[in-house]
Amino acid sequence: MAWITAQEAIDLTGVRMQTLYAYVSRGKISSKPDKNDPRRSLYQRDDVVRMAGRSRGRQNARAIAGEALEWGAPVLPSAITTIQHGRPWYRGADAMELAQTSQLENIAALLWECSDEKIDLSGAPHHESPPREKAGSIQSGIASMARRSVTDLPTQGRTLAALREEAQGVLGALVGAMFGSDVIRAGGSISAQMAKAWQRPEAEPHIRQALCLLADHELNASTFAARVAISTGASLAAGVLSGLATLTGPLHGRAGMSLAALIDQMATTDAETVVRERLRSGLGFPAFGHPLYPAGDPRAAALLSRLTMPSRYLAFLQQVERLVGEQPNVDFGLAVLTIVHRLPAHASLGLFAISRCVGWLAHALEQAGSGQLIRPRARYVGVLPPSDGRIHRKLATAAPAA
């Protein structure tokens with residue numbers, strides 16, 4: 001029998017070292033110590049060749065499954081949003097065109113497949129208005145959804161018509177919690193009331209546009225979290241709570257806020273120095289680049305085309321494009337919107353939360369309608385159990401404590 005090294009076995013099968021060990025532990029491949037180096041093992045070549053033939057048939061499926069959660073192949077069927085031709089589409093309609101004239105309420109009606117062209121939040125429960133300086137704070141939204149999560153009915157077993165009606169109440173509750181009950185009672189668009197709460201009525205057109213552009217974006221991290229929660233039969237509020245919690249991460253909703261710290265460094269130096277130093281440190285650039293938009297994020301372009309960019313932001317953008325080769329994404333647009341209109345530092349995250357809540361609820365409705373539980377498997381890469389299947393009970397053999 002011919003015996004080969006671990007690297008030769010891996011090259012033949014195309015599997016990882018952990019998988020090779022698994023084959024040995026299951027008796028699929030015979031192994032023996034290497035007499036020239038007792039720390040290593042040799043593997044029976046015939047067994048390796050046989051397993052290589054079996055694994056190649058599954059290799060593509062494994063690779064797709066393993067890479068699907070990292071900007072890979074789609075993992076869930078959805079009829080809500082797709083990214084095609086370098087731009088997002090809401091149920092087949094061009095999101096970029098919709099954002100030119102629509103309100104968030106129109107987008108919600110479209111994504112939720114409501115019979116009306118615009119949803120009505122007037123029936124949402126009232127909340128105490130938060131202090132002006134806290135308007136748009138995501139903390140109050142999280143607290144509101146947490147309270148509802150333990151009292152609202154589950155989604156399982158209910159009709160889509162009933163869930164659509166509840167979705168309006170959930171969105172209204174989130175808006176009310178973050179911006180105050182006067183936003184709901186006053187009527188008018190969500191964007192107008194948000195601008196009023198921030199005492200920046202002139203910002204309404206840009207807030208409206210941003211809300212429409214951010215309403216949904218396929219299966220992003222927060223949307224996936226919301227769908228997982230809903231797949232268990234949890235309430236719509238629980239799904240939104242999952243989305244909100246995920247949105248708070250620095251790689252998601254806080255990316256635009258992280259950019260501000262880099263811009264602040266330019267108070268004592270120039271943009272090129274900041275960019276070069278960050279590159280030398282091996283760090284990335286928040287609010288730049290997007291795997292789904294290799295030619296540039298059209299949402300960022302749409303927002304920036306209507307704003308006069310501050311000189312520091314413009315200089316930083318130009319240097320990142322020149323030295324890094326990345327273009328700004330929608331988080332950069334939100335950051336510029338915030339600074340141009342002198343909104344609170346947390347405004348971009350609050351705006352993101354209100355807007356994306358519409359998408360979370362659309363996906364919640366779709367997931368509830370499917371009746372399926374989302375439960376992927378893990379590809380184990382840890383310490384392998386004993387090859388003979390015995391369980392070692394070390395604690396049982398230890399001497400009792402004095």
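So here's what we get for this one:
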quantity: Hits among aspartates and glutamates - C-alpha to C-alpha of LYS28 under 15 Å, sequence gap 8 or more where chains match; calculated: ASP46, ASP47, ASP388
quantity: Full-extension gain in nm, ILE83 to THR308, via 0.36 nm per residue minus C-alpha separation; calculated: 78.2 nm
quantity: The range 16-57 versus the range 239-268: alpha-carbon centroid distance in Å; calculated: 46
quantity: Nearest-ten-degree value, helix 255-265 long axis tilted from longest Cα axis of the chain; calculated: 80
quantity: Prolate/oblate/rounded label for the range 170-297 (Cα gyration tensor, a/c 1.5); calculated: oblate
quantity: Amide H partners (placed H, <5 Å) of LEU42, local residues excluded; calculated: LYS32, ASP34
quantity: Helical mean residue ellipticity (222 nm; -39500 (n - 2.57) per DSSP H run of 4+; nearest 500) of the chain; calculated: -16000 deg cm²/dmol
quantity: Under 5 Å, built H, 5+ apart or other chain: amide partners of PHE288; calculated: ASN329
quantity: Highest-first arrangement of 280-288, 232-240, 201-209, where packing means the average Cβ count within 10 Å; calculated: 232-240, 201-209, 280-288
quantity: Of SER41, SER311, SER258, the one that fluctuates the most in a GNM where the chain has Cα springs shorter than 10 Å; calculated: SER41
quantity: By average C-beta atoms within 10 angstrom, highest first, the peptides 213-225, 146-158, 19-31; calculated: 213-225, 19-31, 146-158
quantity: Under-5 Å amide H pairs with THR81, H placed in peptide plane, nonlocal only; calculated: ARG91, GLU218
quantity: Most mobile of ILE230, ILE142, ILE83 in a GNM of the chain (Cα contacts under 10 Å); calculated: ILE83
quantity: Estimated inter-spin distance, ASP37 and ARG158, nm [label 7 Å along Cα→Cβ]; calculated: 6.2
quantity: Proximal aspartates and glutamates to LYS196, defined as alpha-carbon separation beneath 20 angstrom and excluding residues fewer than eight positions away on the same chain; calculated: GLU105, ASP120, GLU128, GLU133, ASP182, GLU204
quantity: For the range 273-289, 3J(HN,Hα) per residue [Karplus equation, 6.51 cos²θ - 1.76 cosθ + 1.60, θ = phi - 60°, Hz, x = Gly/Pro]; calculated: 5, 4, 5, 5, 5, 5, 5, 5, 7, x, 9, x, 10, x, 6, 10, x
quantity: The chain: relative contact order as a whole-number percent, Cα under 8 Å and 6+ apart; calculated: 19
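Read-outs: derived from the displayed coordinates by stated rules, not from any lab. All figures in this text were calculated on a predicted structure; none of them were measured in a lab. Neighbour counts are summed over all protein chains in view; Cβ atoms, including those assigned to glycine, are modelled from backbone coordinates with ideal geometry.
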